[in-house]
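Enquirer: I am attaching a structure below and will ask some questions about it afterwards.
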Amino acid sequence: MMPRILILHGPNLHALGTREPEVYGRDTLADVEARLVELSKELGCEVESFQSNHEGLLIDALYQARGRVHGIVLNPGGLTHTSVALRDAVRGAALPTVEVHVSNPHTRETFRHTSLISAVVLGTVQGFGVDSYLLGLRALCRHLSHGR
């Protein structure tokens, strides 16, 4: 059976390509999703994507993913640093999850240095631009294929 991966994009990620391109680059969310679909074929997995600017919708998506997908690639955006509720949902969904960030939060404002999400995920990929998503998908697919 082909692993199915949910790609979750948090607040403001719909604005990739136009929002602070000096930080986040010029690739749009559609570009990112197209690259993820292309890579998923190479890796032998399927991906589906969901973006929301609303914390509750992301939490709902995490719980609805149980029994439907094998893992999650999550870019929580600004909720990384503020949302205990999202952290609890990642843990509660109990699916292998990789946290990704386009920028490197540790090179930015001090308030971005702490992730509430990192402690409840397999790992974090950050600072490689939109390639962070691709690296996260590779890592998650490898993890799933090794049955860890």
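Values in this text are rule-based calculations from the coordinates and carry no lab data. Since this is a predicted model, take the numbers as computed values, not measurements. Positions of Cβ are generated from backbone atoms using ideal geometry, with glycine treated the same way; all protein chains shown enter the neighbour counts.
Enquirer: Using a cut-off of 12 Å between beta-carbons, work out the net charge of the residues near residue 100 (Lys and Arg +1, Asp and Glu -1, residue 100 not included).
Expert: Numbers: positive: 138; negative: 99, 131.
Every neighbour counted, the sum reads -1.
Enquirer: Calculated from DSSP H runs of 4 or more alone, at -39500 (n - 2.57) each and per residue, what is the 222 nm mean residue ellipticity of the chain, nearest 500? It would help to have the intermediate numbers written out before the result.
Expert: Numbers: 5 runs with 55 residues, N = 148.
Counting only the DSSP helices, I get -11000 deg cm²/dmol.
Enquirer: Considering only the other residues whose Cβ falls under 15 Å of the Cβ of residue 135, what net charge follows from Lys and Arg at +1 and Asp and Glu at -1? Spell out each step's value before the answer.
Expert: Working: positive: 35, 138, 142; negative: 27, 38, 42, 99, 131.
Counting the neighbours of residue 135, the net charge comes to -2.
Enquirer: Name the residue, out of 44, 67, 92, whose mean-square fluctuation peaks in a Gaussian network model built on the chain with Cα pairs under 10 Å.
Expert: It is 67.
Enquirer: Tell me the label only: which of (1) 1.06; (2) 1.93; (3) 0.95 is Cα Rg over 2.2 N^0.38 Å as calculated from this structure?
Expert: Answer label, from the structure shown: (3).
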